[in-house]
Amino acid sequence: MQTIKTAGLAAGWLLVCGAALADEGGPQLEEITVTAQRVAENLQTVPVAITAVSGDFLQKFDLQRVTALDSIAPNLTFNAGTGGSSSQVSAFMRGVGQFDFLLTTDPAVGVYVDGVYLARTFGTNLELNDIERVEVLRGPQGTLFGKNNIGGAINVTTFTPTGSGKMDFDAAVGTFDSYSLDGYGDFRLADNLALGVSLMGRRSDGWEDRPLGDNGGKEEREGGRATLMWTPTADFSSRLSGEFTAQAQPSSPNVMIAYAPNQAVAPFLQLFNAFVSPQRPCCTPPTNIDVSNAEGPLIKDNLHGLGASWINDWHLGGDVHLKSISAFRYMHADFGRDGDNSPDNYSGDVHNEHDTQISEEVQASGSWQRLKWVTGVYYLQERTRDQTQLVTSQGLFQALSALLPDINLNDPTNPLTQLYLARYALDFNLNYDNRQTTKDYAGYLNGNFAFNDKLSLQAGVRYTNETKDFSQFLDNDAGKTIFLPVNPITGVVDTSDVTPPNSHCSPLQQQGTFFTCQTSYNDVSPRVSLDLAWSPQVFEYLQWSRGFLAGGINGRPTTLAQIQDYKPEHLDSTEMGVKLLLADNRIRLNSDVFYDRYQDIQVLLTTGDTVNIQNAAEATIYGFESDIEAALTDHWVVQGSVGYESDYYNEWRDSTGDYSYRKLQDTPKWTGALASSYEWRLPNAAGIRWTANVSVQSWMYLDAENSPVLRAPSRTLLDSGIYYLAPSGHWDLGVEGKNLTDKRVLDSGYNGLAFFGYAEGYYNPPRRFWLRFHYRLK
């Protein structure tokens, strides 16, 4: 049924466009300039599958955050709210994405702001309020972009101030006592110096009722960016940007979606209710996904960050340009989740994350006769610290230790004696202190040789050297380690064997609670493309590229054997695309088909108390995508996309079984979107604008294990708005709604049935309305 819906949506676009454009003449689409190959080029002649939208489009359809891009781009999804943090971007593109937010894993889909790579997922769900354009690049982008872009890249370009005097202000009030403020100004400070300033603020009371604390979905965040643009000569420019972000709100709305304590391998829940919370036993599954009893120090979602970039661009003569991109970024995120959704601390976790990154890229580009070229070097250093408190039956160790006066240690048949002796094994209140330093060095070269006016060959290569130094300190409530045996009576740790089964890691120190690991990887990422420009309206390409995602260390071990590293993964992608301008440049239709071989796939598997990261053999992924934009009339513009993806594991077997039947996580077979904007006004008179945006996804699994409880159903979401346009053209006032059909489906989740006896999930927001005022002066 979902396949029929999406295919019908695509066919409907073509019928509407064909009918509306049966007559010649009328408006034409503007040329779109993108930097998908690190230099400014026409979208229609770039051999990359790209969805590109302008800042004006984002404002019209109220797409405020990076995670809203899945409503317009094909084969793109986001695993939202992971760990309780709303600021994260765990993106999946064509079946390739990041399986964990922990510092030991890297994004598979890179996020870039003005050419600067953002190394961590937390803090990257950016507010899109001063944006010139956003490009979603699908497929491996490892040759020309930063690092680890095995699945694709999201390239955000902010406004460059010119001293134009542009002013833009947006204010909205809405349901759940929500309001937002956005402002941007472009000021001329001198003949060759301009300043751009943007500010934003968000407040909302949230929609998930938590009687004992702040509601889930509550928002309280602000941010801003200032940019200085200096152009002392025609051959040199310097752009300095600084930004900040601040957020202090409760964790993302989560809810228990399954409850089966008898499935757990250890009786944590029964023991917790018997010895810690007999008067208020846990847990009660909710009957309403918008009601939760979560409270306490676990439910927080705080973020503070600073960033700066300095871009210098020299024109060295002819077509040769030299560019330097220097950047600094610091993020502090403090977030958590109350997994059991109750006032008791039966299960949950809190993460305190600090990340500092500096990067430098020097890039040269130019042309010589029939050859266009881009080359550069790149350096990134990142220092990250993660302090995690994992809560499991908090207070149980102390309660079992208090049994000592009432038991006889010489009577091992007494159940209470057995519990007392097992108290160390049952103490899974863990305190992790993880630290990692990453250094990445890379050099790249890409050339485009034109055989004639129509046929050209592109080839590029990137060499990467990446080293990770990781350390972990771990203890539990008892101040002991879970890696080595503990004498249940004396509490003495057995240190007879303190060497993990991994050559990359040191022996355990300080009673077995501290160890260090180092991994290093070298990679060559090539790319080749044969391009054919039949005419200014028809462009075709055939491309092969290889992507690379660095390996790392398991940051969540619970046994000595789980102190392990995992290998890098690679993806070989073959893509064929065609880009068309039709109906006298009134329709832009860009389509591609792709075939990928995905090797050594990194997956996170949780079985009982075992948390492993392994490389799951190889998968095959294939599909197609299409982006369409049409200026149907002087007043009516539509933009849409459709994507299809199919995947299967060629082989995934280990000592525990054969898992080749599984599907890649967060990968729906079909995605589709259609955005429509109709604007009508009389000359020098008032007008109206109507917008509608419908997005479609078929069902998908939200974890690598394909847990039935985390099978997200298909969805069709609808947003719409209607606005009054003032005669002056400087302001408009309108009403808009999100998720008008109030469709609620899982966006992400965690299956803890085998260990905790429950599973939890995060749902998309309910129906919401806003009254919005927008003022502009250009």
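Here r is the Cβ-Cβ distance between Leu582 and Asn431 and R0 is 60 Å; the resulting FRET efficiency, rounded to 0.05, is 0.45.
Projected over every direction and averaged, the convex hull enclosing the alpha-carbon atoms of the range 531-643 yields 10.5 nm². Extension gain, Tyr678 to Ser238: 0.36 nm times the residue separation minus the Cα-Cα distance gives 154.5 nm. Just want the answer: with Cβ charges of +1 for Lys and Arg and -1 for Asp and Glu, which residue in Phe428, Thr481, Ser660 is farthest toward the dipole's positive end in the chain? Of the listed residues, the answer is Ser660.
The stretch between Gln518 and Ser164 holds 122.3 nm of extra length on full extension. This uses 0.36 nm per residue minus the Cα-Cα distance.
Please figure out what share of the DSSP beta bridges in the range 469-623 is antiparallel and state it in percent, rounded to the nearest 5. Around 100 percent antiparallel, to the nearest 5. Beta bridges per DSSP, both residues in the range 107-222: antiparallel share near 85 percent. Annotation: average projected area of the range 217-338 is 13.1 square nanometres, based on the convex hull of Cα atoms across all directions.
Among Arg711, Arg203, the sequence by solvent-accessible area, most first, with a 1.4 Å probe is Arg711, Arg203. Inverting the pair-averaged 1/r between distinct Cα atoms of the range 283-406 gives 19.5 Å as its Kirkwood hydrodynamic radius.
Measuring between their Cα centroids, the range 702-752 and the range 31-76 lie 19 Å from each other. Between the range 302-370 and the range 643-682, the C-alpha centres lie 27 angstrom from each other. Relative intensity of the range 369-485 on a log10 scale, I(q)/I(0) at q = 0.12 Å⁻¹, equals -0.67, per a Debye sum over C-alpha point scatterers of equal strength in the absence of solvent.
With a ≥ b ≥ c taken as the square roots of the eigenvalues of the C-alpha gyration tensor of the range 26-185, please select rounded if a/c is under 1.5 and otherwise prolate if a/b is larger than b/c or oblate if it is not? Oblate shape, in that a/c is at least 1.5 and b/c is the bigger or equal ratio. All other residues whose Cβ lies under 11 angstrom from that of Gln398 are scored, Lys and Arg at +1 and Asp and Glu at -1, for a net of -1.
Volume of the convex hull of the range 110-219 (Cα atoms only), normalised per residue: 143 Å³. Could you state, as a whole-number percent, how many of the C-alpha pairs of the range 660-724 are farther apart than 13 Å? Every Cα pair in the range 660-724 considered, those over 13 Å come to 71 percent.
Its relative contact order, with pairs defined as Cα atoms under 8 Å and 6+ residues apart, puts the chain at 13 percent. Calculated FRET efficiency, Leu322 to Ala459, Cβ-Cβ distance, R0 = 25 Å: about 0.70 to the nearest 0.05. For the chain, a Kirkwood radius taken over Cα pairs fed into Stokes-Einstein (37 °C, viscosity 0.692 mPa s) yields D = 118 µm²/s. With only the Cα atoms considered, the range 167-283 has a convex hull volume of 183 Å³ per residue.
Heavy-atom accessible surface of the range 231-373, averaged per residue, reaches 44 Å², computed with a 1.4 Å probe. Where the alpha-carbon atoms of the range 46-86 are placed on the principal axes, they occupy 37, 25, 12 Å, in descending order.
Its Cα gyration tensor gives the range 460-583 an equivalent ellipsoid, and the semi-axes of that ellipsoid, as √(5λ) in whole Å with the largest first, are 52, 14, 9.
Counting every C-alpha pair in the range 665-778, the share spaced more than 19 angstrom apart comes to 60%.
A straight chain from Val377 to Val492 at 0.36 nm per residue would run longer than the Cα-Cα distance by 36.1 nm.
When Ile289, Ile72 are compared by accessible surface with a 1.4 Å probe, the order from highest to lowest is Ile289, Ile72.
P(r) tail for the range 200-255: Cα pairs beyond 18 Å make up 54% of the total. When nucleic acids and ligands are ignored and a 1.4 Å probe is applied, Val39 ends up with an accessible area of around 40 Å². Evaluated over the Cα positions of the range 406-450, the convex hull gives a direction-averaged projected area, one quarter of its surface, of 8.3 nm². The alpha-carbon positions of the range 27-118 define a convex hull whose volume is 126 Å³ per residue. Specify whether the C-alpha gyration tensor of the range 314-358 places it in the rounded, prolate or oblate class, a ≥ b ≥ c being the square roots of the eigenvalues: rounded for a/c under 1.5, otherwise prolate if a/b is larger than b/c and oblate if not. Prolate is the answer for the range 314-358, as a/c is 1.5 or above and a/b outweighs b/c.
Counting only the backbone N, which residues of the range 370-404 are under 16 Å from the spot 7 Å out from the Cα of Asn312 toward its beta-carbon? Counting backbone N atoms under 16 Å from the label point, the list is 377. Ordering Thr513, His315, Gln247 by the projection of their Cα atoms onto the charge dipole of the chain, which places +1 on the Cβ of Lys and Arg and -1 on the Cβ of Asp and Glu, puts His315 at the extreme positive end. Report, in degrees rounded to the nearest 10, the 0 to 90 angle that the Cα long axis of helix 2-20 makes with the longest principal axis of the chain. Helix 2-20 and the main axis of the chain meet at about 10 degrees.
Grab the other residues whose beta carbon is less than 13 angstrom from that of Cys517, score K and R as +1, D and E as -1, and report the net. It works out to a net charge of 0.
Taking a Cβ cut-off of under 11 Å around Thr121, the surrounding Lys, Arg, Asp and Glu residues balance to a net charge of -3, with basic ones at +1 and acidic ones at -1. Per residue, the accessible area of the range 380-503 comes to 45 Å², computed with a 1.4 Å probe over protein heavy atoms only. In percent, rounded to a whole number, the relative contact order of the range 628-740 is 20, using alpha-carbon pairs under 8 Å and six or more apart.
The accessible surface of the range 508-622, taken with every protein chain in place and a 1.4 Å probe, is 58 percent carbon and sulfur. With each label modelled as a point 7 angstrom along the Cα→C-beta vector, the Thr467-Leu189 pair spans 3.9 nm. Would you pull out the residues with amide H under 5 Å of Met700's amide H, same chain only if 5 or more places away, H placed 1.01 Å from N? For Met700, whose amide H was placed from the backbone, the distant partners under 5 Å are Ala712.
Taking the centroid of alpha carbons for each part, the range 444-484 and the range 119-164 are 17 Å apart.
The values are calculated or read from the model by the stated rules, or taken from the named source; none is laboratory data. Model, not experiment: these values are computed from the prediction. Here Cβ is always computed from backbone atoms with ideal geometry, including for glycine, and neighbour counts include all displayed protein chains. Please note that ligands, DNA and RNA were not included when accessible areas were found on the heavy atoms of the full protein model with its side chains. Shrake-Rupley method; radii C 1.70, N 1.55, O 1.52, S 1.80 Å.
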